[in-house]
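Heads up: the structure comes next, in structure tokens.
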Amino acid sequence: MQIKVESVLNALDLSRLNRKFDTATGSGLFHTLSDEDRPVFVDNLAAILSPAGKYFMLCFSELEPAGYGPRRITKREIQDNFREGWSINYIRPAIFENRTRTE
Ligand SMILES: C[S@@+](CC[C@H](N)C(=O)[O-])C[C@H]1O[C@@H](n2cnc3c(N)ncnc32)[C@H](O)[C@@H]1O
């Protein structure tokens, strides 16, 4: 499969797409957003998802050992950010593999 990226849109300004999607994915984005930006992102996400739309998210979690790496997102933070108008199907551990991981 080949994916061609034409342009990168600011995740905090998705609503200007003015269209709806059934599915959206986020890999490694949510934990990079500040406390102030996370609700802005979630509102923008809601604006581009159809009523039964789904968002699949992968982010660094509190289960990640302390030390190297970005901030950890707690389960509570996810629940708090996706509270109004959202239904969370599951939050479960996953491994975020990349080429820089040493173990
Ligand atoms: C940890 S990297 C993850 C990269 C890739 N998605 C992956 O899974 O390997 C976080 C990415 O989020 C992007 N990012 C951060 N804030 C953003 C924003 N407001 N809009 C769009 N992308 C953003 C960064 O440029 C960076 O590429």
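The values are calculated or read from the model by the stated rules, or taken from the named source; none is laboratory data. Keep in mind that this is a model prediction, so the values were computed, not measured. Reconstructed Cβ throughout: ideal geometry from the backbone, glycine too, with neighbour counts over all protein chains shown.
Return the total of residues in segment 8-24 being acidic (Asp, Glu) and away from the ligand (no atom under 14 Å from the Cβ).
1
From the residues in segment 25-79 that are in a strand (DSSP E or B) and within 14 Å of the ligand (Cβ to nearest atom), which one is surrounded by the most Cβ atoms within 10 Å (Cβ to Cβ)?
Going through the qualifying residues, I end up with Ile73.
Return the residue satisfying two criteria in turn: it lies in segment 37-72 and is within 15 Å of the chain's Cα centre (by Cα) and among the polar types (S, T, N, Q), and of such residues it is modelled with the highest pLDDT.
Applying the filter and picking the extreme gives Asn44.
Scan (1) more than 13 Å from the ligand (Cβ to nearest atom); (2) surrounded by 13 or more Cβ atoms within 10 Å (Cβ to Cβ); (3) aromatic (Phe, Trp, Tyr) for the single condition Tyr90 breaks and write down its number.
It fails just one condition, (2).
Exactly one of (1) away from the ligand (no atom under 12 Å from the Cβ); (2) outside any strand (DSSP E or B); (3) of a type in the set (Val, Ile, Thr) is unmet by Val5. Its number?
(1)
Report, by residue number, each residue of segment 8-24 that is assigned to a helix (DSSP H, G or I) and in contact with a Phe, Trp or Tyr (Cβ under 9 Å, 6 or more places away or on another chain).
Within segment 8-24, Ala11, Leu12, Leu14 meet the criteria.
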